[in-house]
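Okay, so here's the structure we're looking at.
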Amino acid sequence: MRRREFISLIGGASAAWPLAAHAQQSPLPVVGFLHSSSPENSGNRVPALRQGLKEMGFIENENVAIEYRWADNQIDRLPTLAAELVRRRVAVIVAPSVTTVLAAKAATSTIPIIFLVGEDPVTLGLVDSLARPGGNLTGVNFFAVEVAAKRLELLRELVPGARRIAALFDPANAATTAREIETAARARGLAVQLHNVSSSREIDAAFASFANARPDVLFVGSGPLLIDRRVQLVLLATRERIPTSFQERLQAEAGGLMSYGASLADAYRQIGIATGRILKGAKPAELPVTQSTKIELVINAQAARALGVTIPPTLLSTADEVIE
């Protein structure tokens, strides 16, 4: 090799060394995503999270990485998965349910955690206050508890003669909502049967019990399990011809009669925004909890016809979407 070529080669390599060193010192920030369900059942949630991140200037695999951990509805796996994210030294953990945020909270007191819960996060012990969370947790609160009584009213508007109500709840995610619907039903002089279900088998068992105490209508609570089992729930409700109210539009899209509740896609977009703010340097202790206020009423007209339910014109006019 000629002397001049050798010097040029050394000079080029020297110029490249600082760039390589800088790349090694500045890897992409990593967001840990902890979910109790599975990717197949998440619907449009992850794209909505990415949209929120994008609004804050972060695009997955360009200037931010996301480590996904899915428990496939095996709640006992959550502590292990949360510990994995802590060992991975992620910059922030997204925990979009009560069960996942409690697992993340137990795993770390230093890594920022962004939650999404339908109950009051102060009552749950997640934050000191909505305005000043005070610790390493902040996030989004959507109105699952507050809309429970309204969901009951809408269901009775669909089925005016209803007097006996059955309600299915996943106790890991919706204990407060169960109390709310029980209180609302009894205040209206309605008989209510509460069923805690934590698995597909327990859902089957709850429907089997209706043979002895048949309800006029069914109220399905919130939480990842009941969203994941939406097809099972719709098939059973259709087979038993029980008009059913769901929390989330994915359940109405799967054939459920009606859904009324917060737009979880919009709520996920908001936790993406909160995550982006943390990545930009905001402290969770000082980042106020956001309250998601976008509420959707979705009615499945085809399901109504199959159940022999006539949808009142007032409901049709107020629905955000009518599925034909």
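The values are calculated or read from the model by the stated rules, or taken from the named source; none is laboratory data. Note that the structure is a prediction, hence the values are computed from the model and not measured. Quick reminder, even Gly has a Cβ in these numbers, built from the backbone with ideal geometry, and neighbours come from all protein chains shown.
Could you check region 296-324 and list, in sequence order, the residues that are out of contact with any Ser or Thr (no Cβ under 7 Å at 6 or more places or on another chain), assigned to a strand (DSSP E or B) and touching a residue at least 60 places away in the same chain (Cβ under 8 Å)?
If the condition is that a residue be out of contact with any Ser or Thr (no Cβ under 7 Å at 6 or more places or on another chain), assigned to a strand (DSSP E or B) and touching a residue at least 60 places away in the same chain (Cβ under 8 Å), then GLU321, ILE323 are the ones that fit.
Are any of the residues in region 198-216 under 23 Å from the mean Cα position of the chain (by Cα) and aromatic (Phe, Trp, Tyr)? Walk me through it before giving the result.
So in region 198-216, the residues under 23 Å from the mean Cα position of the chain (by Cα) come out as 198-203.
Cutting the leftovers down to aromatic (Phe, Trp, Tyr) gives us none.
Looking for residues that are under 23 Å from the mean Cα position of the chain (by Cα) and aromatic (Phe, Trp, Tyr), one finds none in region 198-216, hence no.
Filter region 103-118 for residues that are of a type outside the set (Val, Ile, Thr) and surrounded by 21 or more Cβ atoms within 10 Å (Cβ to Cβ); which is nearest to TYR268 (Cα to Cα)?
Looking at residues that are of a type outside the set (Val, Ile, Thr) and surrounded by 21 or more Cβ atoms within 10 Å (Cβ to Cβ), I get LEU116.
In region 169-185, which residue that is buried (at least 24 other Cβ atoms within 10 Å of the Cβ) and under 20 Å from SER200 (Cβ atoms) is modelled with the lowest pLDDT?
Here the answer is ALA174.
Counting residues that are in contact (Cβ under 8 Å) with a residue 60 or more places away in the chain, which strands (runs of 3 or more DSSP E) fully inside region 56-166 reach at least 3?
92-95, 113-117, 137-142
What number of residues within region 213-227 are surrounded by fewer than 20 Cβ atoms within 10 Å (Cβ to Cβ) and in contact with a helix residue (DSSP H, G or I) (Cβ under 6 Å, 6 or more places away or on another chain)?
At the first step, the residues of region 213-227 found to be surrounded by fewer than 20 Cβ atoms within 10 Å (Cβ to Cβ) are 213-214, 216.
Imposing the further condition that a residue be in contact with a helix residue (DSSP H, G or I) (Cβ under 6 Å, 6 or more places away or on another chain) reduces the set to none.
Count: 0.
Restricting the search to region 251-269, which residues are touching a Lys or Arg at 6+ places or on another chain (Cβ under 8 Å) and assigned to a strand (DSSP E or B)?
Passing the criteria: SER259, TYR260, GLY261, ALA262.
VAL31: within 17 Å of THR110 (Cβ to Cβ) and touching a Ser or Thr at 6+ places or on another chain (Cβ under 9 Å), yes or no?
Judged against the criteria, VAL31 is a match.
Among residues belonging to region 195-216 that are of a type in the set (A, V, I, L, M) and either modelled with pLDDT of 95 or more or not assigned by TED's automatic domain parsing to the domain that holds ALA252 (or both), point out the one that is nearest to SER38 (Cα to Cα).
Result: ILE203.
Any idea which of ARG89, ARG77 is of a type in the set (D, E, K, R), at positive phi, out of contact with any helix residue (DSSP H, G or I) (no Cβ under 7 Å at 6 or more places or on another chain) and surrounded by fewer than 22 Cβ atoms within 10 Å (Cβ to Cβ)?
Of ARG89, ARG77, the one residue that is of a type in the set (D, E, K, R), at positive phi, out of contact with any helix residue (DSSP H, G or I) (no Cβ under 7 Å at 6 or more places or on another chain) and surrounded by fewer than 22 Cβ atoms within 10 Å (Cβ to Cβ) is ARG89.
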